[in-house]
Structures are given as C-alpha cells and as structure tokens.
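Visitor: Before I ask anything, let me first share the structure, which is written out below as structure tokens.
The values are calculated or read from the model by the stated rules, or taken from the named source; none is laboratory data. Please read all numbers here as calculations on a predicted model, not as lab measurements. As a convention, Cβ positions derive from the backbone with ideal geometry for all residues, glycine included, and neighbour counts pool all protein chains shown.
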Amino acid sequence: MSKIGVFVCHCGENISATVDCAKVAETAGNYDGVAFSVDYKYMCSDPGQNLIKSAIKEKGLTGVVVASCSPRMHEPTFRKACAEAGLNPFMCEMANLREHCSWVHEKCEATTEKAIDLVRILVEKVKYNHSLNEIKVPVTKTALVIGGGIAGIQASLDIANTGHKVILIERDPSIGGHMSQLSETFPTLDCSQCILTPRMVEVAQHPNITLYTYAELESLEGFIGNFKAKIRRKSKSIDEKLCTGCGQCTTKCPVKKIPSEFNEGLGKRTAIYVPFPQAVPNKPVIDRKNCTYYIKGKCKVCEIVCPTGAIRFDQEDQIMEVEIGAIVIATGFTIKQPDFFPEYGYGKYPDVITGLQFERLASASGPTLGEIRRPSDGKIPEKIVFLACAGSRDPAKGIPYCSKICCMYIAKHAMLYQHKVHGGKSYVFYMDIRAGGKQYEEFVRRAIEDDGVNYVRGRVSRIYEKNGKLIVNGVDTLLNAMPVEIEADMVVLATAGIANDGAEELAQKMHISYDPYKFFAEAHPKLKPVETNTAGIFLAGACQAPRDIPESVAMASGAAVKVAGLFSQDELTREPIIAVVNRQAPPVYSSCVGCFLCVSACPYQAIGKEEIKNRNGEVIKSIAKVNPGLCQGCGTCVAFCRTKSIDIQGYTHEEMYTEVMALLNEY
Amino acid sequence: MLEHTEVKVTHCYQCGKCSAGCPLSEEMDYPPSVIMRMLQTGDPVLEEKVLRSFTIWVCLTCEMCFARCPMSIDIPKMMDFLREKSLNEKKANPKAKEIVAFHKSFLDSIKYTGRLYEIGLFVDYKTRTLKIFDDLALAPKMMKRGKLNIIPELIKDRSGMASIFRKSNKKNKN
Amino acid sequence: MTLGFYPGCSLKGSSREYAESVLAVAKAFDINLEEINDWNCCGATAAHNMNKELSLALPARILSLAEKQGLTEIVVPCAACYSRLTVTIHELSKDPALKAITEANGLEYTGSVTVLNIVQMLDKYITPNLEGRVVKPFDHKVACYYGCLLVRPHEILKFDREEDPQTLDVLMLKAGATPIDWAFKTECCGAGLSVSRTSSVGRLSGKIIGDAKDRGAEAVIVACPMCHSNLDMRRNEIDSYLGEKVDIPVLYITQAIGLALGLDRKALGLQRHFVKVTV
C-alpha cells in the first residue's frame, strides 16, 4: 500500500501569489494513498527539508511528491533529503508549480485547479515508481588537451601539476600558438616569447605531459571519464628519436621560397623546416606539398647531410588510440585577411597588412629583424595608419561582434611604431576604445599622451594606391564629420578575430555545440564559461570567443581545475535514468524479438546484442542489451521498439501512462 | 518617422564611413552621418534643421554611403524621403534654389511631352533661376554636333502621362 | 533575334552617339533592337528626389508597355534608366501596397520583363563571338569607368561587384585594349548637378580624369550617358579644376567595340564628342 507524502511549497510568494497552496495541500491530503500532506513557505530551506525527513520517518512514507519549483532547480536537494531519511531518492518526484503554473498564469480559480491537477498526476505516478540505484563508472585519470597555444600550455601544466597525466596534441609542428608570433604583449610590453618559451620548455620536460605535435584528433568515442580518442600523428618524415635538432637539413634545403606561415607570409621558409628558432620540439618537419622529393622524386639533400640519418621519406601517418577521462579544447582562433575587404583593395596592396603581420615586422626575430618596413619596397614608413574595427562590429560583412583585443593591440602597435621610427607619424581611426582590463585604459592613454599617436574618431571609407602611397579616405566624426585624407606609407588593418580553420569539423567530431560563427559554445554564458554541454569536455581560451592572454590563461586554469575535480574521484556516479530491455522467465526470456531497430536508433551507440544460451551453449535467442555506461536516457529506443520491450527507468510506460490517465481523471 | 522608408536610424553607431566616402560631403552643411545623428535624437528642432538643410539637395544619390555602411542603412532612400517632405512643407534650403529648380523644370518638361525636351528644360530652368547666361555658349556647340533637338518628341499617350502626374501629386498635397 | 530597346531621353538627344553605336554594334551581330512603343521618360533623378509615387509610376508604365508588346528582355543602355527600372521592379515585387500604384494608373505588369544594362547585353549576346570578329584591335591603354548606378546598390542590381568591378575591363581586353588598374572606377562624376551646380561636376569629374591621366590612360570608357556628358561636355570645367588642359577622349563601350569591329567612325557618332576622339 502506498503511503505518499505531499509537500506544497509557497516559494516565498512565487507560488502562493497566484496559487492557493493551502487548498492544494488540503485536496491532496484526501487522495487515496496519500498519508501526509502539508504546505510550507520554503520547502528547500533547512526547516522545510527537515519537515520532509521527519514525515518520512514518522509516517513510514513510501513516496514523496514535492510541489514546488522546477526539478532543474532542486531535484537534487529533495532527493538528497529523502536519501538521508532512508527513502530511496528516486521515490521522490517534483511537481513544477512554479515555472509550469504560478509564473505563467494570473491569480484565479483555474490556476489553483491546474496546480491541484499537477500534484495529482505525480501522486499517481509515484505509486508506480521503483527504487533505483545510481550507476558507478570508473574514471580514466588521463586528460587530453587539444591545442598547444598559451591556453593549452597552461591547462596542461596545471593538470600535470596536480599529479595527473596529460596528453597534449598540437596540429602545427611546434607549440606556442599566436602568442609565439607576438613581439610584445599589452599592457606591460613584455617580450612575448620571453615569457612564453619557459612555459613551452616546461611542457616538453614535464614528466606527466606527453606532447605530440603535428598531430590532430581523428575521432572521439565514449563519455565522461571514459573517452576513447584516436589521434592522427601526421608524418613529419623524420625519426624524432634520432634527430638532434642540429639544423643542417634546414640550412641546406634548396627549396627556400615557401611563404612562412609563422611570419604570416612576410618571410620565407624551406621545405624541411622548423617554424621558428625557439620551437618546441626543436625538430623539423618536411612540408610534403612543397618538397622536391615528393613532387619530382629528386633531391634528398637533407638525407645526405643529416649526421644521424634521421630523415624518413616513406614514413606514414600513425593513428594512435588513447583512453582518456576528460578533454580540454584550446584550439584558439585566427584572423580575417585583407582580401576580405573590397573597399581596402581586396588584398592586392602589399602594404596593407594585418595586425599579426605587423607583429612579425616588429618582432626582433621576424623577417625584418624588428624594423618596421614596407613589404613592397622595404622602406621604413614615415606615415602609418591603423584601422580599428576592420570587419568586426560589421553586420553588413557578417561579423556583428566585437573582437575585443584590437583596441589594445592597435595602441600597442602604434606605440611600438613611435618607439622604433622617431619622427614617424601614426594615425588610428577608431569608433570606440575598449580598454576594460587592468591597466588597459592607462596603456591606451600612454599611446595618445606620451607617444603622440593621433587618434581620429571615424571610420575609413576606402583605401587606394597612388604613386606608391596608400590614400586613406576617412572622417573625423568629432569635427562634424570632416573628411580626413591621409597619404600613408603603410596601413595596418585590425581585422576581425574568427574561429580557427577546422573548428566546425572538430566540434562535430566531439559532439559539442558551436555558435553561428563556429566558436565553441559554453554550457552557460555566465556561470559555466569553461564547460561545454557535453560532460567531460571543457574549453579554454580563444576557441570560445576572441580574448586576450590573461583571460585565456585564467580560463585554462579554470578548465584544469574542473578536470582535476573530475579526477579526484575514482568513480563517477551517474543517474540511473537509462533504458533497460526487460528480462522474463524462460521460455520467453524477454519480450524483445531481436529486431534491433533500437540499435540503429540510438544516437549514442549504447545498445548492443546479447545472446541467450541454453545449458549446452546453444543460442536460443539474441536480444538487445543497453550499455548502462553509454546510455543517456534520451528515450529514442523506447519510441522505436515495436514490442514495448525496452523502457526508461524512472519514466516507464506504466508510470507515464498513469500520469496521463490521472490527468484525464480516468483511473 | 522614418518607418515609411524602413530606414532604422537607431542602427547607426556614428562610424562616419558614409561621410568619409561621400563625394560631396565637403560641400554639405551637415554630412550624412551628422544628419543621421540629428534624426536619432528625435528632437523636433534638429529635424527642422534637417529639412531645411542644403545637404539633402546636394546629395547625388550615388549610393556610395549605402554600399559602405556596416549597418546597411539605406541612406539614399532616407534622403529621397527627406527631400519630398522638405518640398511638401516648403522648407527647401534657399541655397539649393537652382537644384530644386532643375528638378522641377525636368518634371514639368516630361509632364507635357512624355519625354525630355532639352530646350524646353533649359528655358524653364532659366526663367526659374534667372541664370540666363550660364551654359549659353554650350547650346550652339551641342546643336552643331546634332545633340540638341529643336522639335520636342511627343508621346502619344500624353493624357495618360498627365494622369500619372495628377494622381501622384494628389497624394502629396495631404 | 530581337531584343526590346529602351533608349531613354538622353539617347534621343544629347547622347545620340550612344544610341547610334548601340544600334550599329547590334546590327553587326544581327540583333534587332525593337523600341518600346510610346515609351516615356523614366523620371531619372528628378522624380525620385521629389515624389516617390511618381518615381515608381513612370518606370512602371514603361515596364507594362514592354510587357504588352511581348518583349521579355529589354536593353537599357543608360545606367540611370537601368537603375530606375530595376529598382522599380524590386520595389513593386517587395511591397504589394505599391502595386496599387500600377493599378491606379491603369497599368498592368506581371513581372515578366528582364532589364539588361548595356554590359549585360554585350556579355550575353556579343562577347561569346567577339574575339573572332575583331579586325582592328583597340590597342590602347583604357581606364574603364563604371560610375555609380551600374554597380550600386548591389543587393538590388546584383551586377558585377561594388568595388573594383571588372566586366568592362574584361570586355575591353577582348577588344584588344589594355585596361589599367585605377582608383576612380566607381566614384561619382557629379551626375544630375551638371546644370544646377556645374562647379561640383568640375571637381568630381576632374578627379576622375586626373587619376586616369596620371596612370597613363589614353581613353576613358563609359557606359552611361550622364557620365559621358560630364566627362566630355564639361571638359572646360574639368580643365579649370585640374589647372591644365587634358585631351583624353571619352568613349562609350559600344563605340570602342564598334571601332574594334572595324565599323565606320561616323556610324558610331564619334564626331559628336566635345573632346576630339583621336584613338
């Protein structure tokens, strides 16, 4: 016989303002099977919970219905309270009188009637509830970090320092990311590589970190604590164990004119190359698309000069399978190129460059050894113009958002230019100045007040080239939109920050959500910035949205702590709201007929086959079996099953049917 | 007020790209982005200034502003609307006398003949503006090259044309 | 084959040579251009500046006449008329309330007419066969000037590209010319201010001719009678703005192609220009 307790919450005034809670409790108290019914102001508070616990103990309740807010709010709270009082937590259900009733209706008779209905149907359902036990799954305490920029490096170090193993993969030949391309960082004007390379070396030497560069994620299976990843280690064409990084091969390689990706196309590299001198690992890779041996079958100079015989021309890509418990995605971002701008020349003017290209010019290890020179003729520009918001905040071009970092790096670039070219004149065309971080506003004021950068508020309508100069047609909106025309020697566009190449494919491989701009989606924009909607997969850095270095580092540490928290337990508990195929006594064994429609229906590949054998080992029948570790309780298989042999625990056919019938007052 | 034209002034964030690209902005009293700001405020005093401005008449409707605007605001359409309103409320800027006169002469010419009669246009324009000597030397040069028709070309359905003009003007008087 | 033809007021008067060259080139390729019966002025700049309804009603009349005549494609060599007609089609299809205008004026238009500008017509019907027919390659450096209304507003016209368009350049290349890369391809020439504010035209057209000259152009190629008139007829004002006399002639695209095809100079109307055509 059921002995159900009904607890109606006022939720302060949230529910009681439109629903007559006392009446609901009174009506419920008269139902068959209800042994106790009460209303109270704050059910989730300590006294409220104690009310439930003491009722369970004193009245020997077999089920509990809490009529209050949404289960998403307090289901764990009330279930925990029941468990503490000795009642199986899955015998506790919640009737949502708040989001489903009081918050969406006016105060009237009908609202209270609806509340009464909601309570009644759950009372009837709970009569059919079964005790369920949580499922425990083991946790593999190895993390995978995808992306070796500053965010990936920070996350790897943080996780490794908690004592857990990390596999860090990076698709470029070296880790470092965009931060390694920068010359100085704002607001301190620290040398970027000087602060980054110690961390890169730490990663390479850390006993808990296994670093694979020139590697990408091939596929991912599994679930939190129990992922299986396949990693493609692209062939570097060298034997890393034999290579000493001496650099003979790169010096002697005859193919020298390939535009260098690290230098954003402003410098050249060889076919066998190390991206930059401080690369980690400091071992070269062969760019097979441009190597003479792979194109024509000739050359092999690198093989000849290599003192340790480390060149392996026929090396193939390797697929490695690893078992991991959590993943941190730190794949970063990229920027739009000048060809995106029809009014700025469609990318055909070599002296109209991007911010990253300017970084390479300013960098002491760059193609011009730190001197700001025009790519077209190598002269030092006397007049330079910086354009903010090139592409960002521009719905007509499809990028309505702000790229966040440009206002700061333009100020930095203008300052660097003024420091390097004494007597040079710089102009910044801006719409707003977004300098919200610590010391950021002071940094921008330095550029304007101390370094004499001319800030003009207005945008540039077009740029064209004449007699080797770039004519910039802008406007000063603070002077009644007076036209401002500048004959510049160089123009730097602060182009929009966008999702990295391959972001969409990666997101689909990992089953995580992403937004229309292909930035990965966080679970909650305010309160869960480092988690995704997929349990066990976390985000760090600019792959989620454009951001600067301190934020990327903070986010990476945040993601690392989430991973460490996950790994602090040996087992993960999962809710037992999963599908189960029924088993019955012989000779039926199960009403499942083995059509396996559910196997193809399941989006998580969680259903397999089970063979039922007799004592001689002969197979009597094959039926479906759900893997409790993989099942997510979505219910698709239940809808597909033609014999009603599969059911979701906690939401069985019986329970759901009873709810519906109770609503129709037919039971 | 600009819902007639679907132009949403609230979208303008005053970047100034329109004014930067406008070929005539240096001849305007209020460049296009300033006109936008004046309309954004909703201040009737500023709206009055807009209707009385020289800007709206010297605007060529070259569509350059619309092509470059990051918010895709149809400024040329807005200018057309402002011009019509300015005329109906008799607020056309006196500096724009010649420009308005030219448009009026143009429309008068085609109202009667259906197709532009250049000599008729010029005569009408000069009587409105009294700029008799401008371009006078041009006429014989054009005639020598066969570019000036002495006799106007008349279409057959002139009453149809007149009726089109009548019906559209009726709406305007309201 | 037959195509509808809407000359517009300029082609009948001050830009006669444009009409002459269009008809001459069409004839050379056996294309019959049938004028729309009793066509009226499209209203040009004056109508849309003064009265929205009028600015839509006048082109609507032209379209309904074309439809009545059974013409599915009409060639509109004047860029301003082309702009007005295309915008009218767009506005009428977008807003049913405006359709009331056409009805009120006793006009019926079901949307079956396609409007082609001169370049579209050339590209569709003439360019495929052009290279074989060139007898006298137009061996000069040319600056192709598109003006405003051929390429803007892009969302409605959907022709070429708004910045640095290429269709005229490609055509001239096929005619044997060397199109130069220059900065004023789509900057306004001064349009309708030719009479009422000639000084502005001197400045704007002056900038255009100045840049073409600085980059070594021997001729400027246009596809709009207004632009031609400003760049050619108003050469004195341009010269006074630039402070020097510039002799670069301005040719219509059809005249340049006509010359390449070996057609007679008089038939193309070259003698009607103000700036002597020496190429």
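Residues are listed down the side, and each one gets a yes or a no for (1) assigned to a loop (DSSP other than H, G, I, E, B); (2) more than 18 Å from the chain's Cα centre (by Cα); (3) within 11 Å of chain B (Cβ to nearest Cβ):
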position	(1), (2), (3)
C:Leu23	no, no, no
C:Asp30	yes, yes, no
C:Cys42	yes, no, yes
C:Asn49	no, yes, yes
C:Leu54	no, yes, yes
C:Val75	no, no, no
C:Ile89	no, yes, no
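Visitor: Based on what the data block shows, is B:Lys104 under 13 Å from the mean Cα position of the chain (by Cα) and facing chain C (nearest Cβ under 10 Å)?
Guide: Criteria met by B:Lys104.
Visitor: Within the stretch A:621-642, how many residues are buried (at least 18 other Cβ atoms within 10 Å of the Cβ) and assigned to a strand (DSSP E or B)?
Guide: Residues in the stretch A:621-642 being buried (at least 18 other Cβ atoms within 10 Å of the Cβ) and assigned to a strand (DSSP E or B): 4 in total.
Visitor: May I pose another question? Here are the criteria: (1) among the basic types (Lys, Arg); (2) within 10 Å of chain B (Cβ to nearest Cβ); (3) out of contact with any helix residue (DSSP H, G or I) (no Cβ under 8 Å at 6 or more places or on another chain). Tell me which single one C:Arg61 does not satisfy.
Guide: (3)
Visitor: Look at the stretch A:577-602 and say how many of its residues are under 33 Å from the mean Cα position of the chain (by Cα) and polar (S, T, N, Q).
Guide: Residues meeting the conditions: 1.
Visitor: While we're on this one: I'd like to check which helices (runs of 4 or more DSSP H) are fully inside the stretch C:93-204 and have at least 2 residues that are without any contact (Cβ under 8 Å) to a residue 60 or more places away in the chain, away from chain A (no Cβ under 14 Å) and within 28 Å of A:Gly345 (Cβ to Cβ). Walk me through it before giving the result.
Guide: Numbers: elements: C:96-104, C:118-121, C:130-133, C:154-157, C:167-174, C:193-196.
Those helices (runs of 4 or more DSSP H) span C:167-174.
Visitor: Scan the stretch A:343-365 residue by residue and report those that are part of a loop (DSSP other than H, G, I, E, B), in contact with an Asp or Glu (Cβ under 8 Å, 6 or more places away or on another chain) and touching a residue at least 12 places away in the same chain (Cβ under 8 Å).
Guide: A:Gly345, A:Tyr349, A:Asp351 - these are the residues of the stretch A:343-365 that are part of a loop (DSSP other than H, G, I, E, B), in contact with an Asp or Glu (Cβ under 8 Å, 6 or more places away or on another chain) and touching a residue at least 12 places away in the same chain (Cβ under 8 Å).
Visitor: Here's another thing I want to ask about it. What are the pairs with Cβ atoms under 7 angstrom where one residue, in the stretch B:4-24, is within 8 Å of another protein chain (Cβ to nearest Cβ) and the other, located anywhere, is acidic (Asp, Glu) and surrounded by 17 or more Cβ atoms within 10 Å (Cβ to Cβ)? Sequence gap at least six, or different chains.
Guide: That search, which allows pairs on different chains as well, returns B:Pro23/C:Glu187.
Visitor: Ok, one more. Identify, from the list B:Ser72, B:Ser86, the residue that is in the same structural domain as B:Thr10 (by TED's automatic domain parsing) and in a helix (DSSP H, G or I).
Guide: The unique qualifying residue is B:Ser86.
Each row is one residue, and each column tells you yes or no for (1) under 17 Å from A:Ile384 (Cβ atoms); (2) assigned by TED's automatic domain parsing to the domain that holds A:Leu387; (3) small (Gly, Ala, Ser); (4) over 40 Å from the mean Cα position of the chain (by Cα).
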residue: A:Gly424; (1), (2), (3), (4): yes, yes, yes, yes
residue: A:Arg434; (1), (2), (3), (4): no, yes, no, no
residue: A:Phe443; (1), (2), (3), (4): no, yes, no, no
residue: A:Ile448; (1), (2), (3), (4): yes, yes, no, no
residue: A:Asn454; (1), (2), (3), (4): yes, yes, no, no
residue: A:Arg457; (1), (2), (3), (4): no, yes, no, no
residue: A:Ser461; (1), (2), (3), (4): no, yes, yes, no
residue: A:Glu465; (1), (2), (3), (4): yes, yes, no, yes
residue: A:Val484; (1), (2), (3), (4): yes, yes, no, yes
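Visitor: Another question, if that's okay. Which numbered condition trips up C:Leu71, out of (1) more than 11 Å from every other protein chain (Cβ to nearest Cβ); (2) in contact (Cβ under 8 Å) with a residue 60 or more places away in the chain; (3) not in a loop (DSSP other than H, G, I, E, B)?
Guide: Failed condition: (3).
Visitor: Among what's in the stretch A:382-402 and is away from chain B (no Cβ under 14 Å) and surrounded by 23 or more Cβ atoms within 10 Å (Cβ to Cβ), pick the residue that is farthest from the chain's Cα centre (by Cα).
Guide: Filtering the stretch A:382-402 for residues that are away from chain B (no Cβ under 14 Å) and surrounded by 23 or more Cβ atoms within 10 Å (Cβ to Cβ), the one farthest from the chain's Cα centre (by Cα) comes out as A:Ile384.
Visitor: Out of C:Thr167, C:Thr186, C:Thr198, C:Thr127, which single residue is within 16 Å of C:Gly258 (Cα to Cα), crowded, with 17+ Cβ neighbours inside 10 Å and of a type in the set (S, T, N, Q)?
Guide: C:Thr127
Visitor: In the stretch C:208-240, what residues are over 20 Å from the mean Cα position of the chain (by Cα) and assigned to a helix (DSSP H, G or I)?
Guide: C:Gly210, C:Asp211, C:Lys213, C:Asp214, C:Asn236, C:Glu237, C:Ile238, C:Asp239, C:Ser240, listed by residue number.
Visitor: Being surrounded by 22 or more Cβ atoms within 10 Å (Cβ to Cβ), polar (S, T, N, Q) and touching a Lys or Arg at 6+ places or on another chain (Cβ under 7 Å): is that true of C:Ser205 here? Give the steps one after another, and end with the answer.
Guide: On the way: surrounded by 22 or more Cβ atoms within 10 Å (Cβ to Cβ): yes; polar (S, T, N, Q): yes; touching a Lys or Arg at 6+ places or on another chain (Cβ under 7 Å): yes.
Against the criterion (surrounded by 22 or more Cβ atoms within 10 Å (Cβ to Cβ), polar (S, T, N, Q) and touching a Lys or Arg at 6+ places or on another chain (Cβ under 7 Å)), C:Ser205 qualifies.
Visitor: Kindly check whether there is at least one residue in the stretch B:80-93 that is facing chain A (nearest Cβ under 8 Å), aromatic (Phe, Trp, Tyr) and either in contact with a Ser or Thr (Cβ under 7 Å, 6 or more places away or on another chain) or buried (at least 16 other Cβ atoms within 10 Å of the Cβ) (or both).
Guide: No, that holds for no residue.
Visitor: Moving on. Does C:Thr278 meet the test of being of a type in the set (Ser, Thr, Tyr), in contact with a helix residue (DSSP H, G or I) (Cβ under 9 Å, 6 or more places away or on another chain) and modelled with pLDDT under 95?
Guide: No.
Visitor: Take the stretch A:2-22 and flag every residue that is assigned to a strand (DSSP E or B) and not aliphatic (A, V, I, L, M).
Guide: Passing the criteria: A:Gly5, A:Phe7, A:Cys9.
Visitor: Residues in the stretch C:212-225: is at least one surrounded by fewer than 24 Cβ atoms within 10 Å (Cβ to Cβ) and free of Cβ contacts under 8 Å to residues at least 60 places away in the same chain?
Guide: Yes; the residues of the stretch C:212-225 include at least one that is surrounded by fewer than 24 Cβ atoms within 10 Å (Cβ to Cβ) and free of Cβ contacts under 8 Å to residues at least 60 places away in the same chain.
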